[in-house]
Amino acid sequence: MLARLYSAAVLGVDAYPVEIEVNAGHGDFKIVIVGLPDAAVKESGDRVVTALLNSAFQPPMGRVTVNLAPADIRKEGPSFDLPIALGMLATTGDIDSERLERFCVVGELALSGEVRRVRGVLPIALSARREGREGILVPPENAEEAAVVEGLAVYPVDSLREAADFIAGRLSIEPLKVDPAAAFAEAAFYEEDFADVKGQESAKRAIEIAVAGGHNLLAMGPPGTGKTMLAKRVPTILPPLTLEEALEVTKIHSIAGTLPSHQPLIAQRPFRAPHHTISDAGLLGGGTHPMPGEVSLAHHGVLFLDELPEFHRNVLEVLRQPLEEGVVTIARAAASVTFPCRFMLVAAMNPCPCGYLGDPRRNCRCSPPQIQRYRNRISGPLLDRIDLHIEVPAVRYSDLASMERGEPSASVRERVLRARRVQQERFRGRPRIHCNADMRAKDTQQFCHPSDDAQQLLRMAIQELHFSARAYDRILKVARTIADLAGSETVESTHVQEAIQYRSLDREV
């Protein structure tokens, strides 16, 4: 007897429908799975048979052939266990095959018949709605994640027995309902706050400018000055995620398996801080079956690279394309997958190998050539994509001992939102430009209009400080953002003067 049902599989950040055909024939008992299955899918035959027996079901007799279509795309993971088991029960007449075809089914089976959590349920649920399925059967731990998809009934099933009884009509399960807006509002809370940071007013001002204009930032200072503490609070002043952005972020984390159980949506801006020993595949994504890397997990959030010169040179160089294009493409022999990765880069480093250059309390032991070699570990093309270079000095005792709290993140975010609204109005009708940092050379000429005094100051900076052409372009962009925060239509000399201060690595050691 032949049974047919539907599941789905993930490719990149989206899912595609998979039609599962199960045929029970004559001969000796054997399970054959075809349709380019990987090792995990091939092993599902043994898991499914044991789960059927432990759930008090009799497996089909004779040769069982399972076909996963389309047959030219490789199928991965254990998510086909539950649909294959239900397909076998349909061939024996234990459940109604016609009713089974109306649902999308996904889930891993334990040997006891328990349904376990799988990856990528959110894109699978979106695919099921797109294909017009009546509902989707999912593991309980994935149910909230799937329920944010409106217009699709989500049925959490704890076990194979429960799923079979539901399809057979012997058990009624209420579809799970989740209010995406309520879940979004409940999860959009940050524990960190800029009010906790003592001192470092100049660094906090630079971070506000960077966030307001979407600029990448590099903080340089001795150990223990609060560079990491400041970086962790950057997401708290970014504009809140929209529901559409939250769905994009949740899809990526669902595919990567980093979405917490029973959490329907990621409502906070992601903050990713990989260790400097990470490989290029770990940063960009990759593997035999490509998975999202840290740059994609930081999508719509912050990627923090601490001890930037300690990262391998080839790892830093692969960042150039994601920073420029906002997507990363991983090519393999079978297929190429594209992951989104529009993030804000925040990096931190010591000013020299020993870390104490410019520290008033410790003497630096490094020579100028050693300092230059240390800084040269960061290539010019990568440095070109970082608009602000700021110095984070040691915190004074009076600031540490003060009982006064700093300005809260909510107040800073209000100023950032006002500046972002100005930029949205400025770039209306230009979908490629989201903020000042996205401007190209011709956009800079059109939207950055320095006053005569500002032009004179820029000329002196180029001549006296030996700034390059790329530094000139970055200074104009940052000055435009400072003017937006100040509510000025024109880029004045004070805005340019402040922007020049944020190019410390362009100066000679």
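Descriptive notes on the structure:
- Other-chain or far-sequence residues with amide H under 5 Å of residue 266's (modelled H): 250
- Inter-site label distance for residue 21 and residue 451 at 7 Å from Cα along Cβ, in nm: 7.6 nm
- Rolling a 1.4 Å probe over the protein heavy atoms leaves residue 158 with an accessible area of roughly 90 Å².
- Counting only cysteine Cβ atoms and a cutoff under 4.7 Å, the chain contains unmatched residues 104, 341, 354, 364, 435, 448.
- Low-density loop cleavage sites - chymotrypsin sites (Phe, Trp or Tyr not before Pro) in the range 1-99, where at most 12 other Cβ are within 10 Å (DSSP): 29
- Simple label model, 7 Å out from Cα along Cβ direction - residue 34 to residue 186, nm: 4.8 nm
- Dipole moment magnitude, nearest 20 debye, the range 256-351 about Cα centre, only Lys, Arg, Asp, Glu C-beta charged: 260 debye
- Residues whose amide H comes within less than 5 Å of that of residue 503, counting only those at least five positions distant or on another chain, are 389 (H built at 1.01 Å from N in the peptide plane).
- Only one residue of 288, 241, 273 has its Cα farthest out toward the positive end of the dipole of the range 228-352, where Lys and Arg carry +1 and Asp and Glu -1 on Cβ, and that residue is 241.
- In a DSSP loop and with at most 12 other Cβ atoms within 10 Å, the chymotrypsin sites (Phe, Trp or Tyr not before Pro) in the range 172-232 are 189.
- At an R0 of 22 angstrom, the distance between the Cβ atoms of residue 242 and residue 425 translates into a FRET efficiency of 0.80.
- Karplus-derived HN-Hα couplings along the range 161-173 (A = 6.51, B = -1.76, C = 1.60, θ = phi - 60°), whole Hz, x at Gly and Pro: 4, 5, 5, 5, 5, 5, 5, 6, x, 7, 9, 9, 10
- Its Cα gyration tensor gives the range 243-360 an equivalent ellipsoid, and the semi-axes of that ellipsoid, as √(5λ) in whole Å with the largest first, are 27, 18, 12.
- The chain, relative contact order [Cα under 8 Å, separation at least 6], %: 13 percent
- Whichever lysines have a C-alpha closer than 16 Å to that of residue 442, once near sequence neighbours (fewer than 8 apart) are set aside: 477
- The range 321-394: Rg to Rh, with Rh as the Kirkwood radius over Cα pairs: 1.16
- The charge dipole of the chain, taken about its Cα centre with unit charges on the Cβ atoms of Lys, Arg (+1), Asp and Glu (-1) only, comes to about 1320 debye.
- Each label was represented as a point 7 Å from its Cα along the Cα-to-Cβ direction; for residue 463 and residue 205 these points are 2.7 nm apart.
- Estimated dipole of the range 357-509 in Debye, rounded to 20 [Cβ of Lys and Arg +1, of Asp and Glu -1, Cα centre]: 700 debye
- The distance from the alpha carbon centre of the range 137-192 to that of the range 398-473 is 44 Å, rounded to a whole number.
- For 104, 364, the ranking by accessible surface with the largest value first comes to 364, 104, using a 1.4 Å probe.
- Within the range 118-209, the trypsin sites (Lys or Arg not before Pro) that combine a DSSP coil assignment with at most 14 other C-beta atoms in a 10 angstrom radius are 170, 177.
- Note on residue 42: accessible area is roughly 130 Å² with a 1.4 Å probe, heavy atoms of protein only.
- Working from the Cα coordinates of the range 424-483, the gyration tensor eigenvalues give, after taking √(5λ), semi-axes of 24, 12, 8 Å in decreasing order.
The values are calculated or read from the model by the stated rules, or taken from the named source; none is laboratory data. Being a predicted model, the structure only gives us computed values, none of them experimental. Positions of Cβ are generated from backbone atoms using ideal geometry, with glycine treated the same way; all protein chains shown enter the neighbour counts. Accessible surface areas use protein heavy atoms only, side chains included; no ligands, DNA or RNA. Shrake-Rupley method; radii C 1.70, N 1.55, O 1.52, S 1.80 Å.
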